[in-house]
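Written out below as structure tokens is the structure these notes cover.
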Amino acid sequence: MRAPVLVALSLIALAGCSREKAPDALETRPAAAAAPVPADAPVILAFGDSLYAGYQLEAGQSYPARLEAALNAAGIKARVVNAGVSGDTTAAARQRLAFTLDNQPQKPALVLVGLGGNDMLRGLPPEQTRANLDAILAELKRRNIPAMLTGMLAAPNLGPEYVTAFNPIWPALAKKYEAALVPFFLQPIFGQPGLQLPDHIHPNAQGVDKIVAATEPAVAQALAKALRK
């Protein structure tokens, strides 16, 4: 997501997006210490925008890096490759997907797809977002690579028509492609400035760990399912 327009996301306050505190287990869970990645670890490709890339974070603090550490600390072998590009729209990501996959030294066992926020910030038509994500998932299916979607929600100031068209994209495509789904990736830090960068959208290092704690079980489950295929 591009910094000049990030403030728009601070307006997100959507129905069905609970602002209650996470369970105590998530509130108190310490950040996972870095654990060695076994040579035979399956690869998870994190294919997304700045929320994966680690916008304004130090090396090792991005979501893919912290997810890898958490999985391996929990005894789940995984190498998480960061293929996040700040500012990427779904259209830009669609264009680079084949190149990204073709240049992986090891075929991913699972691809995390985290895109759509920049489409929303630019007010791009939801039907374009849906079509691009559909094409990305179709290509992954063609290559027999399981996918997991980490979803986004539209800011209400874009109007009810936009919200109604945008928000169902991820559940619908997850169902179509039998992909695992995290409905709203930023849910664990939403409305919590202490877990966000000054833009009030991107997670800081502590926020990343909250998101990892909230999503790691779903990722682990999706990876286990992928490896059984």
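All of the numbers you see were taken from the coordinates with simple rules; none came from a lab. Model, not experiment: these values are computed from the prediction. No Cβ is skipped: glycine too gets one built from the backbone with ideal geometry, and neighbour counts run over all protein chains shown.
Of the residues G84, L112, S62, the one whose Cα sits farthest toward the positive end of the charge dipole of the stretch 57-131, with +1 on the Cβ of Lys and Arg and -1 on the Cβ of Asp and Glu, is L112. Ordering D119, D102, D199 from the fewest to the most neighbouring beta carbons within 10 Å gives D102, D199, D119. Under a Cβ-Cβ cut-off of 13 Å, what is the net charge of the residues other than L57 that fall near it, where Lys and Arg count +1 and Asp and Glu count -1? Its environment carries a net charge of -2. Residue-wise HN-Hα couplings along the stretch 175-192, as the Karplus relation 6.51 cos²θ - 1.76 cosθ + 1.60 with θ = phi - 60° gives them from phi, are 5, 4, 9, 6, 9, 5, 9, 9, x, 9, 4, 8, 3, x, 10, 4, x, 10 Hz; Gly and Pro carry x. Amide H to amide H distances under 5 Å link Q196 with N204, where only residues 5 or more positions off or on other chains count and H is placed in the peptide plane.
At q = 0.11, 0.12, 0.21 Å⁻¹, what is the base-10 log of I(q)/I(0) for the stretch 58-168 according to the Debye formula with one equal point scatterer per Cα and no solvent? Please give it to two decimals. One equal scatterer on each Cα of the stretch 58-168 leads to -0.41, -0.48, -1.19.
Past 19 Å, Cα to Cα, is the threshold; run K141/K210; K176/K225; K176/K210 against it and keep the listed order. The answer is K141/K210; K176/K210.
The alpha carbon convex hull volume per residue for the stretch 30-119 rounds to 96 Å³. Note on the stretch 91-229: Kirkwood radius taken over Cα pairs, Stokes-Einstein applied at 4 °C and 1.567 mPa s, translational D equal to 81 µm² s⁻¹. For the stretch 160-229, the alpha-carbon coordinates run over 42, 34, 11 Å along the three principal axes, in decreasing order.
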